[in-house]
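Written below as structure tokens is the structure these notes are about.
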Amino acid sequence: MLPHVLVLGGTTEARELATALAGRPGTRVTTSLAGRVRRPGEVPGDLRVGGFGGAEGLAAWLRERRVDAVADATHPFAGTITANAARAAAATGVPLVVLRRPGWRPGPGDRWHPVPSLAAAADLLPRLGRRVFLTTGRLGLAAFAHLTEPHFVIRSVEPPEPPLPAHTDILLARGPFTVADETALLRDHRIDVLVTKDSGGAATSAKLTAARDLALPVVVVQRPPLPAGVTPAADVPSALHALDALARP
Ligand code: NAP
């Protein structure tokens, strides 16, 4: 039995995991959100919102709330909270399961340019195109703000904040997106290069298929590395399986 599981959330998988755990008799699940999104939607079980105050704050929270296991189901690019979860788990002895959807892999016909950071993506862009579809999310856009030549079409769920590049159109939209819609968007905006994070998953992968079909180059920002020694579960059933294994005496 794991009477109290803390799910570090902010993803679809976190919500699915919390739903599965909340349906188990004798298990209490608390989902933690950073508080970046104004209306996060229904969350099963208990909800807490806001930072813990670093790894030490998280460790204190785990002790005070008598947490039996932590499931880190945060986004692959939320590297700080993932590192903090690993440190807090090590400090308290509370077991940790990391749920991380696999990254995307290029296929035949793809013209991908992997880069280690948003700054590296910005460095590369002027050599690849003049009309950019930027889908890396609303945070971190300052890395592109100094680029005055290319025209940017920026898509995000909530409005991005300045500084932004000089020539920018904003599209507010939340996935999932279809290949037909993504192809139409790339054509309508005369896009000649796509920038994405390697988020993985199906909800936002249609743009990659559309870019391949149109033979467009794609700048792919690579994920931050997982903490040493962490072997992630790739999907919700695997994470539940790993939690079950912890619960066995
Ligand atoms: P981050 O850089 O790894 O975390 C920055 C700080 O935010 C952490 O140190 C922590 O503050 C707080 N935090 C992050 N996730 C939290 C959570 N689930 N519960 C409580 N506090 C949390 O994270 P981020 O990239 O800003 O992402 C924030 C949240 O948005 C994550 O939960 C993630 O799952 C979600 N998200 C991120 C992306 C992305 O591209 N980065 C995309 C979609 C969703 P303290 O140190 O004070 O504890």
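No value in this document is a laboratory result; all are computed from the given coordinates. If you're wondering where the values come from, they're calculated on a predicted model, not measured in any experiment. FYI the Cβ positions are ideal-geometry reconstructions off the backbone, even for glycines, and counts take in every protein chain you see.
When E13 is evaluated against the numbered criteria (1) more than 23 Å from A202 (Cα to Cα); (2) surrounded by 21 or more Cβ atoms within 10 Å (Cβ to Cβ), which criterion, by number, is the only one it fails?
(1)
Condition test on S156, is it within 15 Å of the ligand (Cβ to nearest atom), polar (S, T, N, Q) and surrounded by fewer than 16 Cβ atoms within 10 Å (Cβ to Cβ)?
Spelling it out, it is not the case that S156 is within 15 Å of the ligand (Cβ to nearest atom), polar (S, T, N, Q) and surrounded by fewer than 16 Cβ atoms within 10 Å (Cβ to Cβ).
Filter the range 97-121 down to residues that are basic (K, R) and surrounded by 13 or more Cβ atoms within 10 Å (Cβ to Cβ) and give me whichever is farthest from R212 (Cα to Cα).
Out of the qualifying residues, it is R100.
For the range 26-38, does any single residue satisfy the condition of being more than 14 Å from the ligand (Cβ to nearest atom) and surrounded by fewer than 19 Cβ atoms within 10 Å (Cβ to Cβ)?
yes
Of the conditions (1) surrounded by 18 or more Cβ atoms within 10 Å (Cβ to Cβ); (2) touching a helix residue (DSSP H, G or I) at 6+ places or on another chain (Cβ under 6 Å), P163 fails just one. Which one is it?
(1)
Looking at the structure I just gave you, is L243 buried (at least 19 other Cβ atoms within 10 Å of the Cβ) and either more than 30 Å from R130 (Cβ to Cβ) or of a type in the set (S, T, Y) (or both)?
Yes; evaluated as a whole, the condition is true for this residue.
What pairs can you find where one residue is in the range 47-60 and under 17 Å from V94 (Cβ atoms), the other is among the charged types (D, E, K, R), and their Cβ atoms are less than 6 Å apart, with a gap of 6+ or different chains?
Every condition considered, the pairs that remain are A55/R87.
Which pairs have Cβ atoms under 8 Å, sit 6 or more apart or on different chains, and link a residue in the range 65-84 that is farther than 22 Å from R138 by Cα to one that is near the ligand (Cβ under 8 Å from one of its atoms) and part of a loop (DSSP other than H, G, I, E, B)?
N84/F52
Residues to consider are K197, K207; find the one that is of a type in the set (D, E, K, R) and under 14 Å from G175 (Cα atoms).
Unique residue meeting the criteria: K207.
Scan the range 47-55 and tell me whether some residue there is buried (at least 19 other Cβ atoms within 10 Å of the Cβ) and either closer than 24 Å to G200 by Cβ or more than 8 Å from the ligand (Cβ to nearest atom) (or both).
Checked the range 47-55: no residue is buried (at least 19 other Cβ atoms within 10 Å of the Cβ) and either closer than 24 Å to G200 by Cβ or more than 8 Å from the ligand (Cβ to nearest atom) (or both).
Can we say V115 is closer than 23 Å to D235 by Cβ and within 19 Å of the chain's Cα centre (by Cα)?
No: the conditions fail for V115.
Would you tally the residues in the range 187-215 being buried (at least 21 other Cβ atoms within 10 Å of the Cβ) and over 22 Å from the mean Cα position of the chain (by Cα)?
Going through the range 187-215 one residue at a time, the tally reaches 1.
Scanning the range 69-99 for residues that are over 20 Å from the mean Cα position of the chain (by Cα) and of a type in the set (A, V, I, L, M, F, W, C), which turns out nearest to the ligand (Cβ to nearest atom)?
Filtering first and then ranking leaves A88.
Of all residues in the range 15-57, which are out of contact with any helix residue (DSSP H, G or I) (no Cβ under 9 Å at 6 or more places or on another chain), among the aliphatic types (A, V, I, L, M) and closer than 18 Å to V236 by Cα?
Hits for the range 15-57 are A18, A22.
Between R111, R66, which is away from the ligand (no atom under 15 Å from the Cβ), charged (D, E, K, R) and touching a His at 6+ places or on another chain (Cβ under 7 Å)?
R66 is the lone residue from the list that is away from the ligand (no atom under 15 Å from the Cβ), charged (D, E, K, R) and touching a His at 6+ places or on another chain (Cβ under 7 Å).
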